[in-house]
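Chemist: Mind looking over this structure? Questions follow.
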Amino acid sequence: MKTIEDFFQKESAAGILLIFATIAALILKNTHLIDHYEAFLHLPVEIRLGALHIDKPLLLWINDGLMAIFFFLIGLEVKREIIEGHLSSLSQIALPGIAAIGGMLVPALIYVALNHGNEFAMRGWAIPTATDIAFALGILSLLGNKVPISLKIFLMALAIIDDLGAIVIIALFYTNELSSLSIIIAFLALTTLVLLNYFNVAIRAAYILVGIILWISVLKSGVHATLAGVALALTIPITSTNRKGEKFSMLKQTEHQLHVWVAYLILPLFAFVNSGVDLLGISAQQLFGNVPLGIFFGLFIGKQLGVFGLCWLAIKLKIAKLPEDSNWAMLYGVSILTGIGFTMSLFVNSLAFSDTLQFESADKLAIILASFISGLLGYLVLRFGMIKNPQSNPNK
């Protein structure tokens with residue numbers, strides 16, 4: 001239980017830090033400091049080693065490089081939860097799994113309904129399907145110990161499954177033309193990682209070295225580089241034996257050590273470089289365009305309808321039960337919080353519309369507004385829907 005509490009504390013603090021990073025980006029983007037902000041985003045960073053040459057602005061190093069570490073952490077969390085955590089049995093995975101499906105399907109349908117027939121706009125259908133676990137848990141933290149641990153675990157499991165869905169979506173729908181040579185190198189690197197795991201190699205540096213080769217080859221292949229982080233995570237052994245014959249978990253150690261860096265550096269930095277929106281440059285016509293509206297209503301309306309609707313159906317059909325010590329109002333409040341897409345939605349948005357300025361950041365503003373309103377309304381519903389006497393609230 002201590003590990004779970006530590007997880008929530010880190011995620012909650014990270015959510016609050018994301019708010020400050022976003023405010024800072026908005027201030028810099030909309031004041032005389034904009035030139036400094038833009039210079040920071042486009043700072044050239046180059047690595048050259050023989051024939052290997054990677055030259056990208058800092059923005060893309062963060063989106064392709066640091067976010068690969070974020071997805072590596074997600075992969076570690078998913079593997080641990082499936083093997084021995086809160087996703088390890090059908091009864092545990094039932095409610096958050098069903099909720100995650102609803103939370104991805106309904107927002108996508110709302111977006112598609114508003115943008116059907118526009119091939120270019122349809123590239124963004126997956127933007128409102130994401131949930132930002134750090135931001136959502138950050139809102140829950142404002143309510144302190146009044147929120148039952150079962151409801152926090154439900155939200156955590158839902159967001160992890162949601163992230164897994166996002167990984168699949170990125171792999172299937174946001175992949176460019178492939179390079180055969182890079183794919184072969186990536187396959188060889190992944191095979192090496194699998195063999196390291198199979199032969200119980202307990203040297204973390206070996207996994208990191210091969211993982212870097214995997215990331216570079218995936219980056220050059222046309223497949224989005226963040227997927228290399230997930231692939232690497234799935235090969236990290238959950239139990240290992242050191243040279244002294246002592247058992248330890250490389251996966252848990254790596255996850256624990258990496259969590260701080262992701263929570264307090266990578267995600268806030270990603271939010272800072274991606275949420276700078278020129279508020280004065282967005283016209284009403286752009287803001288109320290079908291793409292921003294699809295994103296906004298997908299996150300704010302679609303998420304809560306999908307999550308709560310399928311949860312209600314599953315509970316009434318006795319496929320799953322309400323989280324312990326919670327009620328329908330609290331479950332609805334958490335369902336609203338899943339509309340906080342923020343970093344994940346901004347990330348998918350950067351993949352969908354990376355080569356265009358057509359929306360003049362109206363798409364980003366829609367994500368920020370939907371996330372803010374979802375967070376505020378979710379907090380209020382939870383605040384006034386708390387159970388005063390949990391024992392008197394049977395699961396029905």
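The values are calculated or read from the model by the stated rules, or taken from the named source; none is laboratory data. Since the structure is predicted, the reported quantities are computational estimates derived from the model, not experimental observations. When we count neighbours, we look across all protein chains shown, and the Cβ atoms used for this are built from the backbone with ideal geometry, even at glycine.
Chemist: Just to check your reading of the model, which residue among Gly102, Gly97, Gly138 is surrounded by 20 or more Cβ atoms within 10 Å (Cβ to Cβ) and modelled with pLDDT of 90 or more? Spell out the reasoning first.
Modeler: Details: Gly97 fails: surrounded by 20 or more Cβ atoms within 10 Å (Cβ to Cβ); Gly138 fails: modelled with pLDDT of 90 or more.
When all the criteria are applied, what remains is Gly102.
Chemist: Turning to a different aspect of this structure: Would you list the helices (runs of 4 or more DSSP H) that sit entirely within the range 190-272 and hold 3 or more residues that are hydroxyl-bearing (Ser, Thr, Tyr) and farther than 28 Å from Leu17 by Cα? Full working, then the answer.
Modeler: On the way: elements: 204-221, 226-235, 250-261.
In the range 190-272, the matching helices (runs of 4 or more DSSP H) lie at 204-221.
Chemist: Here is a list: Ile213, Ile236, Ile208. Which entry is under 23 Å from Leu188 (Cβ atoms), buried (at least 22 other Cβ atoms within 10 Å of the Cβ), at pLDDT 90 or above and of a type outside the set (Gly, Ala, Ser)?
Modeler: Ile236
Chemist: In addition: Of all residues in the range 227-252, count the ones that are closer than 26 Å to Met344 by Cβ and without any contact (Cβ under 8 Å) to a residue 60 or more places away in the chain. I'd like the intermediate steps shown before the answer.
Modeler: As a first pass, look at the range 227-252 and keep what is closer than 26 Å to Met344 by Cβ: 227-236, 238, 251-252.
Add one more test, that the residue is without any contact (Cβ under 8 Å) to a residue 60 or more places away in the chain, and what stays is 235.
Within the range 227-252, residues that are closer than 26 Å to Met344 by Cβ and without any contact (Cβ under 8 Å) to a residue 60 or more places away in the chain number 1.
Chemist: If you go through the range 164-189 one residue at a time, how many are touching a Ser or Thr at 6+ places or on another chain (Cβ under 9 Å) and part of a helix (DSSP H, G or I)?
Modeler: So the count comes out to 15.
Chemist: A follow-up question, please. Can you tell me how many residues within the range 143-163 are crowded, with 19+ Cβ neighbours inside 10 Å and either part of a helix (DSSP H, G or I) or within 12 Å of the chain's Cα centre (by Cα) (or both)? If you could, list the steps in order and put the result at the bottom.
Modeler: Here is the first cut: in the range 143-163, the residues crowded, with 19+ Cβ neighbours inside 10 Å are 147, 151-163.
Still in the running and either part of a helix (DSSP H, G or I) or within 12 Å of the chain's Cα centre (by Cα) (or both): 151-163.
Looking only at that region, the number is 13.
Chemist: Go through the residues of the range 328-344 one by one and say whether even a single one is of a type in the set (A, V, I, L, M, F, W, C), under 18 Å from the mean Cα position of the chain (by Cα), under 21 Å from Leu18 (Cβ atoms) and at pLDDT below 90.
Modeler: Filtering the range 328-344 for residues of a type in the set (A, V, I, L, M, F, W, C) gives 328-331, 334, 336-337, 340, 342, 344.
After this cut, where a residue has to be under 18 Å from the mean Cα position of the chain (by Cα) as well, the list is 334, 336-337, 340, 342, 344.
Restricting the remaining residues to those that are under 21 Å from Leu18 (Cβ atoms) gives 334, 336-337, 340, 342, 344.
From what's left, at pLDDT below 90: 342, 344.
Within the range 328-344, one or more residues are of a type in the set (A, V, I, L, M, F, W, C), under 18 Å from the mean Cα position of the chain (by Cα), under 21 Å from Leu18 (Cβ atoms) and at pLDDT below 90.
Chemist: Take the range 19-61 and flag every residue that is in contact with a Leu (Cβ under 6 Å, 6 or more places away or on another chain), part of a helix (DSSP H, G or I) and hydrophobic (A, V, I, L, M, F, W, C). Full working, then the answer.
Modeler: Within the range 19-61, the first condition is being in contact with a Leu (Cβ under 6 Å, 6 or more places away or on another chain), and the residues that meet it are 30, 37, 41, 43, 45, 58-59.
Okay, now just the ones that are also part of a helix (DSSP H, G or I), so 37, 41, 58-59.
Within the range 19-61, Leu41, Leu58, Leu59 qualify.
Chemist: Since Ile315 meets every condition but one in (1) at pLDDT below 90; (2) touching a Leu at 6+ places or on another chain (Cβ under 8 Å); (3) farther than 30 Å from Ile266 by Cβ; (4) among the hydrophobic types (A, V, I, L, M, F, W, C), which condition does it not meet?
Modeler: (1)
Chemist: Within the range 279-304, can you find the residues that are in contact with a Leu (Cβ under 9 Å, 6 or more places away or on another chain) and outside any helix (DSSP H, G or I)?
Modeler: Ile282
Chemist: Any residue in the range 350-360 that is in contact with a Lys or Arg (Cβ under 9 Å, 6 or more places away or on another chain), modelled with pLDDT under 85, more than 18 Å from Ala130 (Cβ to Cβ) and assigned to a loop (DSSP other than H, G, I, E, B)?
Modeler: No, there is no match, as no residue in the range 350-360 is in contact with a Lys or Arg (Cβ under 9 Å, 6 or more places away or on another chain), modelled with pLDDT under 85, more than 18 Å from Ala130 (Cβ to Cβ) and assigned to a loop (DSSP other than H, G, I, E, B).
Chemist: Still on this structure, I have one more. Identify, please: which residue in the range 90-142 is part of a loop (DSSP other than H, G, I, E, B) and of a type in the set (Phe, Trp, Tyr) and is, among those, farthest from the chain's Cα centre (by Cα)?
Modeler: Applying the first criterion (part of a loop (DSSP other than H, G, I, E, B)) to the range 90-142 yields 116-120, 125-126, 130-132, 142.
Next, only the ones that are of a type in the set (Phe, Trp, Tyr) stay: 120, 125.
Values: Phe120: 24, Trp125: 16 Å.
That would be Phe120.
Chemist: Going through Lys316, Lys364 one at a time, which residue ends up being of a type in the set (D, E, K, R) and under 21 Å from the mean Cα position of the chain (by Cα)? So that I can check it myself, show each step before the final result.
Modeler: Details: Lys316 fails: under 21 Å from the mean Cα position of the chain (by Cα).
Exactly one of Lys316, Lys364 is of a type in the set (D, E, K, R) and under 21 Å from the mean Cα position of the chain (by Cα), namely Lys364.
Chemist: Give all pairs with beta carbons closer than 6 Å in which a residue from the range 200-211 that is over 16 Å from Thr239 (Cα atoms) meets a residue that is part of a helix (DSSP H, G or I) and among the small types (Gly, Ala, Ser); count only pairs at least 6 apart in sequence or on separate chains.
Modeler: Pairs that qualify, where the first residue is over 16 Å from Thr239 (Cα atoms) and the partner is part of a helix (DSSP H, G or I) and among the small types (Gly, Ala, Ser), are Val210/Ala189.
Chemist: Return the only residue of Thr338, Thr343 being within 26 Å of Leu59 (Cα to Cα) and either without any contact (Cβ under 8 Å) to a residue 60 or more places away in the chain or crowded, with 24+ Cβ neighbours inside 10 Å (or both).
Modeler: On the way: Thr338 fails: within 26 Å of Leu59 (Cα to Cα).
Just one listed residue meets the conditions, Thr343.
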